[in-house]
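The structure appears right after this line, and notes come after that.
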Amino acid sequence: MIREQARIVAIGAGRMTLEPVGGGCGSCGQASGCGTARLARWLPSARRALVLPATPGARIGDLIELALPETALLAASLLAYLPPLAGLVLGALAVSPAGEALQPLGAALGMVAGFGASRIAGRLFAASMTPVPVAPATTADRRTIHLTQEFHHD
């Protein structure tokens, strides 16, 4: 189980918006050589926000711990990377009888189709790959909340 802390930044309409604490922000000592830290600088913080159902008793500023099974992370990685790669190879192979000059075009079209397939699959399986609150974060200077929701992997 992968666990990460998040801070509640907004609550409304039965939903809470969370932002990760640390991780990918460049706060560790390796920020200068970290691709994730560089990517985080280019993306607005709203892109890293996560919206989940509100937990009873939660308030803005509270820290909570989220959990995600390793299998969900593996499945998300496969859905993100495998279809574009397969599309690239299959697109190049599909146009190979027409000649080598068209293979780059076939590969590019296949990769674009693979990205589209990844996006559709990601939307279909998003619910099974969403982290859930499992425990309050423990810090000395912050109020902790008690969560009643447990994560049950199907």
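The values are calculated or read from the model by the stated rules, or taken from the named source; none is laboratory data. All values reported here derive from a predicted model rather than from experimental measurement. Methodologically, a virtual Cβ is constructed for each residue, glycine included, from the backbone with ideal geometry; neighbour enumeration extends over all protein chains shown.
Annotations for the structure displayed:
- Residue match in region 118-130 (condition: part of a helix (DSSP H, G or I), out of contact with any helix residue (DSSP H, G or I) (no Cβ under 8 Å at 6 or more places or on another chain) and modelled with pLDDT of 90 or more): yes
- Among the residues of region 69-86, those identified as surrounded by 15 or more Cβ atoms within 10 Å (Cβ to Cβ) and not aliphatic (A, V, I, L, M) are PRO69, PRO83, PRO84.
- Taking first residues from region 73-86 that are within 15 Å of PRO131 (Cβ to Cβ) and partners that are part of a helix (DSSP H, G or I), the Cβ contacts under 6 Å between residues at least 6 apart in sequence or on separate chains come to ALA76/MET129.
- Every condition in (1) surrounded by 15 or more Cβ atoms within 10 Å (Cβ to Cβ); (2) in contact (Cβ under 8 Å) with a residue 40 or more places away in the chain; (3) not aromatic (Phe, Trp, Tyr) holds for VAL95 except the one numbered (2).
- Checking VAL89 against (1) under 30 Å from ALA13 (Cβ atoms); (2) modelled with pLDDT of 85 or more; (3) surrounded by 13 or more Cβ atoms within 10 Å (Cβ to Cβ), the condition it does not meet: (1)
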